[in-house]
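Coordinate-derived values only; no laboratory data. As the structure is a computational prediction, the values presented were derived from the model and not from experiment. Using ideal geometry, Cβ is built from the backbone for each residue, glycine included, and neighbour counts are taken over all protein chains shown.
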Amino acid sequence: MGWSQNHDLGAYVGEVSAAAVCAQTAGATTPVTGVIIDLQAVGPPLSAVVMIVFEAVLAVGKTLKFTYSLATSAAANMSSPTVLKSQDGTLAGTAASGTGGAGGSTVDGILTVPVNLSAAQRYLQFGFTPVLSATGTDTVTAASLLILGGAGTIT
């Protein structure tokens, strides 16, 4: 089936807030644990894109990186999870991370992580940790969103 210009994309794509907004200061690497998403209640989708939206104030030459993990489980409490995708923070695959400019700067962006959900079990959970290289006054505010697609329709 081909896509027409007036096709209702919204009927085939859904979004879920994957984790609460976090605000951190340099030196803190507090993990942000996402909400548990019941995939049966939303499709079930076959693919997803996880987005971390961020804004950071970085000193000159200092960096922001993200460590993240997307896990799945058959249990609603996410016991015995299987990791579908993860990153250890090494510029998250040149993840939309930032480096402070001359005199320091505000850097904003979106880290996009495509995910194949064909191996996913019923429940899904995304978590991330912002990692600031500075030990001083750098700050970051970030939130994540899960865009779901690939089911007949997303409810």
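Using the Karplus curve 6.51 cos²θ - 1.76 cosθ + 1.60 with θ = phi - 60°, what ³J(HN,Hα) values do you get for each residue of segment 51-68, in whole Hz, with x for Gly and Pro?
10, 10, 9, 9, 9, 9, 9, 10, 5, 3, x, 8, 10, 10, 10, 10, 9, 8
So how much slack lies between residue 77 and residue 25, counting 0.36 nm per residue of separation and subtracting their Cα-Cα distance, in nm? Intermediate results must be reported in sequence, preceding the final value.
Values: separation 52, 0.36 × 52 = 18.72 nm, distance 3.01 nm.
Full extension of this stretch gives 15.7 nm more.
How far apart, in nm, are the 7 Å Cα→Cβ label points at residue 137 and residue 118?
For the pair residue 137/residue 118, the computed spacing is 5.2 nm.
Say each of residue 145 and residue 33 gets a label point 7 Å from the Cα, pointing the same way as Cα to Cβ; how far apart are those two points in nm?
The two pseudo-label positions are separated by 2.6 nm.
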